[in-house]
Amino acid sequence: MPEYAFIGRSNVGKSSLINMLCGHKGLAKTSSTPGKTQLINHFLINDNWYLCDLPGYGYAKVSKKSREKWEKMIKDYILNRENLMNTFVLIDSRIKTQKIDLEFMLWLGKNDVPFSIIFTKSDKLKQRELAKNIKAYEEELFNYWEEIPPFFITSAEKKTGKENILNYIDSINPLFQK
Ligand code: GTP
Ligand code: MG
């Protein structure tokens, strides 16, 4: 079945977003302490597609060794998962471009892995600030690519962006070939 991965820095809101998309609060475990999700967790949706919660990267308190372990686990997963249709890279809408996110997206691009961007925690910003941050992000990405990936603005708190993301997934599902 087709699969969609959710990835991003630790604490960016991956598990919260997954719960919001599924309408099921306690499904993916969330925490205000970074590093909560440590395994690759799969959720089967409507007996039809898989959603995949990945551990976050860039958590300052982990050792170099566990960081390397993370990198290998995630990169192996992304490069070898044959049913992976799209990777959603989550970005905190309050924070300006971070090297670690850019590097990760450049790595995806280099390896021809299709991805989209999800801006999270949009409820924490005023509308005007949010628009300014997103615009700055887009401009930064145009330094690297002529075309930038689709992006979505979300809030797990306010349930913003749910329809758009689910419709997007629905539009890709038929492209899956067994
Ligand atoms: P790891 O599994 O540790 O990598 O974290 P994660 O990316 O899965 O983040 P998680 O969903 O656990 O959320 C981290 C913190 O951010 C929690 O305290 C959430 O309540 C909070 N949070 C997540 N999404 C939102 C949002 O849309 N709005 C607000 N205000 N807070 C959010
Ligand atoms: Mg998590």
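The values are calculated or read from the model by the stated rules, or taken from the named source; none is laboratory data. Bear in mind the structure is a predicted one, so any value in this text is a computation, not a measurement. Methodologically, a virtual Cβ is constructed for each residue, glycine included, from the backbone with ideal geometry; neighbour enumeration extends over all protein chains shown. Side chains included, ligands, DNA and RNA excluded: accessible areas come from the protein's heavy atoms. Shrake-Rupley method; radii C 1.70, N 1.55, O 1.52, S 1.80 Å.
Odds and ends about this structure:
- Matching residues in region 79-104 - criterion: being at pLDDT 95 or above and part of a helix (DSSP H, G or I): Leu79, Asn80
- Tabulated pairs, region 111-133, first at positive phi, second outside any loop (DSSP other than H, G, I, E, B), C-beta under 7 angstrom, 6+ apart or interchain: Lys121/Asp92; Lys121/Ser155
- Looking across region 147-178, the residues that are among the polar types (S, T, N, Q) and in a helix (DSSP H, G or I) come down to Asn164, Asn167, Ser171, Asn173.
- Any hit, region 84-94, residues being open to solvent by less than 50 Å² (accessible area, probe 1.4 Å) and over 21 Å from Ala156 (Cα atoms): yes
- Total residues in region 23-51, condition surrounded by fewer than 16 Cβ atoms within 10 Å (Cβ to Cβ), outside any loop (DSSP other than H, G, I, E, B) and either within 8 Å of ligand 1 (Cβ to nearest atom) or under 16 Å from the mean Cα position of the chain (by Cα) (or both): 1
- Condition check for Lys65: modelled with pLDDT under 90, under 24 Å from Lys132 (Cβ atoms) and open to solvent by 50 Å² or more (accessible area, probe 1.4 Å): no
- Residues of region 50-64 satisfying the condition of being within 21 Å of Ile172 (Cβ to Cβ) and either touching a helix residue (DSSP H, G or I) at 6+ places or on another chain (Cβ under 6 Å) or within 14 Å of ligand 2 (Cβ to nearest atom) (or both): Leu51, Cys52, Asp53, Leu54
- Listed conditions (1) surrounded by fewer than 13 Cβ atoms within 10 Å (Cβ to Cβ); (2) of a type outside the set (A, V, I, L, M, F, W, C); (3) assigned to a helix (DSSP H, G or I) are all met by Tyr144, apart from (3).
- The single condition among (1) open to solvent by less than 50 Å² (accessible area, probe 1.4 Å); (2) over 13 Å from the mean Cα position of the chain (by Cα); (3) within 9 Å of ligand 2 (Cβ to nearest atom); (4) not aromatic (Phe, Trp, Tyr) that Ser16 does not satisfy is (2).
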